[in-house]
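Report on the following structure.
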Amino acid sequence: MTSQLIWTHLLETKWPSAERIYVDHALNLLSVEHDGGITWDTLQAIKDQVFGPEAVAIEVYPPHSRVVNSIPMRHLWKLGSDDWWPDLGREGASEPRTLRETYFREASR
């Protein structure tokens, strides 16, 4: 991993719940070490600052057998312009077979 430390709470108090912020531009990975009380709004603000306000990023919740949770850290991956993501503003009836099929079925209505 080629992550570099780009921010620490010792330098400023812009995001009080964030302890350290790392970015790996090769992997489009943003890692935020926090005090346990980080909010969605704070993660959104950090994502906007690092990747830009129009960037789309995701957080992954793996199967329990693949969880690594050794420190309080959140990871956001920036998606590419051609990557698919669920536009939550277009939610519809739930008859999902796959997330992709559900989204495209509902988006075309």
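Laboratory data are not the source of any read-out in this text; all were calculated from the coordinates shown. Model, not experiment: these values are computed from the prediction. Because the Cβ atoms are built from the backbone with ideal geometry, glycine has one as well, and the counts that use them run over all protein chains shown.
Worth a mention:
- Sparse packing (at most 12 other Cβ atoms within 10 Å of the Cβ) combined with a DSSP loop state is found for the following GluC sites (Glu not before Pro) in region 26-70: GLU54, GLU59.
- TYR61-LEU5 FRET efficiency (beta carbon distance; Förster radius 30 Å; 0.05 resolution): 0.75
- Rh (Kirkwood; distinct C-alpha pairs) - region 4-78, Å: 12.8 Å
- With both labels modelled 7 Å from their Cα along Cα-to-Cβ, the GLN49 to SER31 distance reads 1.9 nm.
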